[in-house]
2 protein chains.
Amino acid sequence: MRKAATIRDVAREAGVSVAVVSRVLNDGTGPVAPHTRERVVAVMERLAYRPRAAARELQQQSTTTIGLVLADLTNPFFARLADRVVWEARARGIHVVLLTTQEDPHLESDSIDTLIERSVGSVIATPTGGNVEKWARLAQLGVNVVFVDREIEELPDIDVVTISNELSAEVATDHLLRLGHTRIAFISGPETTSTGRARVTGFRSAMHRAGVAVDERFIQSVPFRGTSGSDAVSSLLSGPIRPTALIVGNTAQVRNALSRVQQSSLSLPQDLSLVVFDDNPWTELVSPPLSVVRQPIDMLALHSVDLAYSRLKGSISDGARRIRVDADFIQRSSSAAPTT
Amino acid sequence: MRKAATIRDVAREAGVSVAVVSRVLNDGTGPVAPHTRERVVAVMERLAYRPRAAARELQQQSTTTIGLVLADLTNPFFARLADRVVWEARARGIHVVLLTTQEDPHLESDSIDTLIERSVGSVIATPTGGNVEKWARLAQLGVNVVFVDREIEELPDIDVVTISNELSAEVATDHLLRLGHTRIAFISGPETTSTGRARVTGFRSAMHRAGVAVDERFIQSVPFRGTSGSDAVSSLLSGPIRPTALIVGNTAQVRNALSRVQQSSLSLPQDLSLVVFDDNPWTELVSPPLSVVRQPIDMLALHSVDLAYSRLKGSISDGARRIRVDADFIQRSSSAAPTT
DNA sequence: TTGTAGGCGTTATCAG
DNA sequence: CTGATAACGCCTACAA
């Protein structure tokens, strides 16, 4: 394959100037005689001409691409989020560069570097919790950053779109309390993440409000990666006092937690009530179907892209936005009144 | 926010020429006095200087971004594929622009247009089956296209990375035949996709080889989207003769199919043996755990990115490659000898 | 309606 | 070792 045709080749071949070709390329920039346009288009077709995005971006300072930094596409929650973000982005004519951190701050740091070099206009990210200065720097460099699902409290100037984590945990806890449970355990994400902290807070306040003492051994903050969920369940079930109900507020560990429960001799919901965060394709397929807190992923995606896009176009006033959407609680058969 | 610092700013500020700065940037290009280097690095840090990827790409003809066109991120198979592709791409220092088609040829067509404008170097895609000319044109424009998971036979010049679909279906079928089943049903993807066709072919040839007649009503090719899987199961179970075993070779419809089976009065595997295509996080969580054909997603991703990258670097001879990797069959408890 | 020319930020080629 | 300077492909005033 010979070297690609440039705008100049097209111009020469069509017997016009590059300016004209440029105009037909992004029509609206200036006037072009219909007949001339036709000829130019024909030549572009014939030469299989393709404008170089690099040259274009270099020239016109702006970009139509945003970065999407997700923790882990293996988690259905993030996968669906990615799906919706791509969808919303397409509706606005912008492109999405996808990066993953695998929950690893080092990889996240690399991703941020990449994003800086790529000179994307905006970034939508689920931060690991580390790299505080780095995120700050990215934002300071003029990149519009939007945190979604999680946030970093030390960075109050960055837009945030999350569900009401605290409230969601309260609702889930209230549900179990109302059923009559008092020995409720909670498995959450790491303390380094806003979701991990907020959900525990919600759990505590619901318990407190109900006048039920919290057994500290019943609160387990575990990493997103690895099999920490299984271990947490084992530890909870092997203690001197066993919980009668369990909330898993760590979406990435629901699978491992459930798996371990299934391996135990306990049956749901007779011996243990279970409520998990995040609804996904299989929560209804297992037996019994799981009671869940369903995150409105569409809304998260919509608002994040909206923010990213608005900032890109400058059609939004300064000052960080914090958008909070409510999650739904869906009761299914994995939670019931305690039998003991 | 002031405008970003350029290489020239750094040069001026450090009292050197841009050439020197460029050299320290990509060290190895030329000699730089240690002392000078230090000073330049310091200035770069101070000015928060970041090289512009666009300018760099413009200068050195190459692009470091590839397009990834997936059918549906909601399907765990594609989500995991995306995860691995991003991972492999990162390892090679290239970026991934993500697009989805939702199995819709129109959206796919749009995506191809986007890809043309973006001037990505390579594209990894799971084609819907339509847009044959359009894919051809993209390839002709000099974009290295790699089809993964599915292929389009009319485009033999395009690289392909798939699992051995025919063989996988045969293995699954043989498994059931060996257990003693003869009334085996098969739900596959649409006839318009290579996977849909190949898996049915494999199913047929296994049946034929075993000398078992195929009941045509037992073969259902259904769309990836919608609830076609449920309907197919209903239709299979309500017929005059009921199958004793079912293979679902349509990864997107496994969920719906299983759900419908659960709603029926049949219990697995006593009344019906079930084997599904694609292993994923929940196949082992449902009861009974499902026998599956596991696709080696890592390998699919590795080879596709490898091809995309090699073509980008020109470090590979002409002529389309067709890479075929074997899938694993994993027996679990959803398949057993027929009880009738 | 069309053409000319300068510049976007880097890298690379030569002279110093 | 370092410094000018010419590309790279495109857009966009400003002229014609």
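According to a simple spin-label model (label point 7 Å from Cα along Cα-to-Cβ), what is the distance in nm between A:S62 and A:E133?
Taking the simple label geometry, A:E133 and A:S62 are separated by 3.4 nm.
Indicate, rounded to the nearest 5 percent, the antiparallel portion of the DSSP beta bridges found entirely in the protein assembly as shown.
Taking every DSSP beta bridge within the protein assembly as shown, about 10 percent pair in antiparallel fashion.
Could you please report the charge total around B:I316, scoring K, R as +1 and D, E as -1 over all other residues with beta-carbon less than 10 angstrom from its beta-carbon?
That sum, taken over residues with Cβ under 10 Å, equals 0.
Identify which of B:R322, B:R150, B:R23 has the largest mean-square fluctuation in a Gaussian network model of chain B, with springs joining Cα atoms closer than 10 Å.
Residue with maximal mean-square fluctuation among B:R322, B:R150, B:R23: B:R23.
If the cut-off is a Cα-Cα distance under 19 Å, which aspartates and glutamates reach A:K313, setting aside same-chain residues fewer than 8 apart in sequence?
Straight-line reach from A:K313, under 19 Å: A:E57, A:E88, A:D157, A:D159.
Just to be sure I understand: with springs between alpha-carbon atoms less than 10 Å apart, which residue in A:T126, A:T74, A:T162 has the highest mean-square fluctuation in the Gaussian network model of chain A?
Between A:T126, A:T74, A:T162, it is A:T74 that shows the largest mean-square fluctuation.
Got the relative contact order for the range B:165-295 handy, in percent, Cα pairs under 8 Å and 6 or more residues apart?
25
Can you check what the net charge comes to around A:I241, using other residues whose Cβ is under 10 Å from the Cβ of A:I241 (Lys, Arg +1; Asp, Glu -1)?
+2
State, to one decimal in nm and shortest first, how far the label point of B:G142 sits from each corresponding label point in the other identical copies (label point: 7 angstrom along Cα-to-Cβ).
2.9
Normalised by the number of residues in the range B:7-60, what is the relative contact order in percent for Cα pairs under 8 Å and 6+ residues apart?
Once normalised by length, the contact order is 34 percent.
In the protein assembly as shown, how does Rg compare with the Kirkwood Rh, expressed as the Rg/Rh ratio over alpha carbon atoms?
That ratio equals 1.01.
Explain nothing, just the number: relative contact order of chain A, from Cα pairs under 8 Å at least 6 residues apart, as a whole percent.
17
For chain B, modelled as a Gaussian network with Cα springs under 10 Å, which listed residue fluctuates most, B:S205, B:S264, B:S111?
Highest fluctuation among the options: B:S264.
Give the order of A:S109, B:S17, B:S230 when sorted by the count of other beta carbons within 10 angstrom, beginning with the fewest.
B:S17, A:S109, B:S230
Using the membrane-span-like helix rule (whole DSSP H runs, Cα extent along the own axis of at least 27 Å, mean Kyte-Doolittle hydropathy at least -1.0), which helices of chain A qualify?
none
Grab the other residues whose beta carbon is less than 12 angstrom from that of B:T126, score K and R as +1, D and E as -1, and report the net.
Once all neighbours under 12 Å are counted, the net charge is -4.
Readers should treat all values here as calculations from the given coordinates under stated rules, not as data from a laboratory. Here the structure is a predicted model, which means the values were calculated and not measured. Heads up, the Cβs are rebuilt from the backbone with ideal geometry, glycines too, and the neighbour counts pull from every protein chain shown.
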